[in-house]
Each structure stands twice: as structure tokens, then as C-alpha cells.
1. Just one of the numbered conditions (1) closer than 29 Å to LEU89 by Cα; (2) loosely packed, with under 12 Cβ neighbours inside 10 Å; (3) touching a Ser or Thr at 6+ places or on another chain (Cβ under 8 Å) is not true of CYS185; which one?
2. In the stretch 131-179, how many are more than 43 Å from the chain's Cα centre (by Cα) and under 17 Å from PRO193 (Cβ atoms)?
3. So which of LEU102, LEU112 ends up being modelled with pLDDT under 80, in a helix (DSSP H, G or I) and either touching a strand residue (DSSP E or B) at 6+ places or on another chain (Cβ under 7 Å) or surrounded by 11 or more Cβ atoms within 10 Å (Cβ to Cβ) (or both)?
4. Could you check ARG134 against (1) surrounded by 15 or more Cβ atoms within 10 Å (Cβ to Cβ); (2) closer than 23 Å to LEU112 by Cβ and say which number it fails?
5. For the stretch 66-99, how many residues meet the condition of being in contact with a strand residue (DSSP E or B) (Cβ under 8 Å, 6 or more places away or on another chain) and part of a helix (DSSP H, G or I)?
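The values are calculated or read from the model by the stated rules, or taken from the named source; none is laboratory data. Values in this document were obtained by computation on a predicted structure and should not be read as measured data. Counting neighbours? That spans all protein chains shown, and the Cβs are built from the backbone with ideal geometry, glycine included.
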Amino acid sequence: MENNTPADKKREMAEEVVEPAKGTKAEEEKTAGEMAEKGETSETLNVEELKQQYDEQIKRSDEYYQRLIRMQADFENYRRRVGKEKEELFKFAAEDLIIKLLPVIDNFERALTASKEDNQNTSKFKEGIEMIYRQFIDVLVKEGLSIIPTIGQQFDPVNHEVILQEETREQPENTIIEDLRRGYCFKGKAIRPAWVKVARSGAS
């Protein structure tokens, strides 16, 4: 039979109290570790999500930038095209008027030709017609009208229209030998081809 003194009983009670306290501290350390682990995992996930969002924003920004570059290029092309069309419009704004006035020039030329064939004294009339003709031509020339060269020139399908051909050995093939109706350019553009007679090589 064991003899338990009061001192022994106090020691046993102290050991019983200390043991549960040690167990509680271990559990707290385990719980704290698990929470720290979960915190690190959550932080890692947040960093990955932020990186993914950052990459998506970079990609989207690049797409917007490329789209902006294309829009700027399209706008620049549009601006140049509109500017060129506007320039062409102003440059040839009077073209229709010039074309309508060409028959008037033709009539002046016919009148001058007829006066040469008239035996009566028509010198004053002729001088007046010539003055009007020169003034009229001067006005048109200042506006950009020019006469297409013909006689002695090589036939040019842009500026000339062949009405007659004549066999001859005196001129090279397709050389213009007669001007049947004057042709005109307006600011460098042919608006009416000249009617011409061209040389054709005769049979050898």
C-alpha cells in the first residue's frame, strides 16, 4: 500500500494540469501553420490572377494601338484623296464652258476664211472680226486653253483624229500634212482632238 503524502498529491495534480496545457499549445501552433499555409496559397493565386489580367490588358492595349495606326493611315489616305479630287475639280471647273465655246471659235475661223474669198471690199469687217477673234483667244489662253500642234507632227492618238490619208513619198508615214479642224488642250489635258490628214507611204 502506497503512502501518498500531501506533497505527492500536490505534485500529481500539478502534472495533470501541465499536460493538458502542453497539448493545447501544440494544437495552436498547428492551426497557425495551417492558416499561414492557406494565406500563402491565397496570395499566390492573387498574384497569378493579377499577372493574367496584366497580360490581357497588354494584349488589348496592343490591339487598340494597331487599330489606331490603321485608322490614322486610312484617314491620311482619305485626306489625300479628297484633296486631290478637290484640286482636280478646281483645275477643270471651266472645262465644260471651254468645250461649249469651241464652236464659236470655229465660226470665227470660217468667217475669216469666207472674207478672203469675197471680192468686195470687206477689209474693215475683216479687221473687226480678227480683233474679236484675237481677244477671244487671248482670254481662253489665259484660262488654260492651248492649240494642239498638227502640221509636221507625228500622229498621236491622244491628241489627233485621222479623217483623211494621202499617199505620198514626201513625208514619213503618219506625218500630219493638213489640219482639218483644230484640236485643243485645257491645262495640259486634251479636251478635243484635232482632225487631221496624215501621210501614207505610197506603193514602191
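1. That leaves (2) as the condition not met.
2. Of the residues in the stretch 131-179, 4 are more than 43 Å from the chain's Cα centre (by Cα) and under 17 Å from PRO193 (Cβ atoms).
3. One residue alone meets the criteria, LEU112.
4. Failing condition for ARG134: (1).
5. 3
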